[in-house]
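*Asks:* Submitted below is the structure of interest, expressed as structure tokens.
The values are calculated or read from the model by the stated rules, or taken from the named source; none is laboratory data. Note that this is a predicted model, so its numbers are computed, not measured. FYI the Cβ positions are ideal-geometry reconstructions off the backbone, even for glycines, and counts take in every protein chain you see. What goes into the accessible areas is simple: the full protein's heavy atoms, side chains included, and nothing from ligands, DNA or RNA. Shrake-Rupley method; radii C 1.70, N 1.55, O 1.52, S 1.80 Å.
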Amino acid sequence: MKLREGVEWAVHCCINLSWISPDRAVPAARLAAFHDLPTAYLNKQMNALGRVGIVASRSGPRGGFRLGRDPERITLMDVATAIDGSAQAFLCTGIRHHGPAGTITGPATDRTTCTVAQAFSTAELAWRRQLADRSIAELADTVRRANPAAPDQVRRWFDQP
């Protein structure tokens, strides 16, 4: 499964925002600067998160982004879907019914499930369930356990002008 880099960026931003006061909005430029990312592209990712309520935005001089709901209620699947969409990763085109293979596998009217499509579908479902079972809060806690100073360091960095 290949996800665009925007998914990684969005997850990291959500973790950072989970450590910042929910009353404070962080500008996209500041979020981008923290990881040396292009602001315009990160802003697109943040706006995609905003369209589904993962983040909320505020305009104006004190504007920016903050989490739109509790980090416990934001899953990795939520973020991946907001950024990359919900289309299936594997699409069966029915080639088993074309060319000489069609005479071996049966007529195109045979609507039994393609074994290849079924295998990919099962794997994708497992992948989606794993992402749906992991929250931003859980990842933030894992980072904090590995580096107990991380939340305070992130807050201090974002508090600097």
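*Asks:* I'm checking my understanding of the structure. Among residues of region 113-136 that are of a type in the set (S, T, N, Q) and over 13 Å from the mean Cα position of the chain (by Cα), which one is least open to solvent (accessible area, probe 1.4 Å)? Even if it seems obvious, please write down each step before you answer.
*Replies:* From region 113-136, those of a type in the set (S, T, N, Q) are 113, 115, 118, 121-122, 130, 135; that's our starting set.
Of the ones still in play, those that are also over 13 Å from the mean Cα position of the chain (by Cα) are 113, 115, 118, 121-122.
Values: Thr113: 90, Thr115: 105, Gln118: 101, Ser121: 58, Thr122: 92 Å².
Here the answer is Ser121.
*Asks:* Return the total of residues in region 33-63 being open to solvent by less than 50 Å² (accessible area, probe 1.4 Å), closer than 18 Å to Val79 by Cβ and among the small types (Gly, Ala, Ser).
*Replies:* Within region 33-63, residues that are open to solvent by less than 50 Å² (accessible area, probe 1.4 Å), closer than 18 Å to Val79 by Cβ and among the small types (Gly, Ala, Ser) number 4.
*Asks:* Being at pLDDT below 90, assigned to a loop (DSSP other than H, G, I, E, B) and not charged (D, E, K, R), is that true of even one residue in region 113-121?
*Replies:* Yes - at least one qualifying residue is present in region 113-121.
*Asks:* Here's something else I'd like to know. Can you tell me how many residues within region 64-97 are under 21 Å from Leu3 (Cβ atoms) and open to solvent by less than 30 Å² (accessible area, probe 1.4 Å)?
*Replies:* Summing the residues that are under 21 Å from Leu3 (Cβ atoms) and open to solvent by less than 30 Å² (accessible area, probe 1.4 Å) in region 64-97 gives 11.
*Asks:* Within region 1-38, track down each residue that is of a type in the set (Lys, Arg) and either part of a loop (DSSP other than H, G, I, E, B) or in contact with a Gly (Cβ under 6 Å, 6 or more places away or on another chain) (or both). Steps first, answer last, please.
*Replies:* So the first thing to find is which residues in region 1-38 are of a type in the set (Lys, Arg), and the list is 2, 4, 24, 30.
Those that are of a type in the set (Lys, Arg) and either part of a loop (DSSP other than H, G, I, E, B) or in contact with a Gly (Cβ under 6 Å, 6 or more places away or on another chain) (or both): Lys2, Arg4, Arg24.
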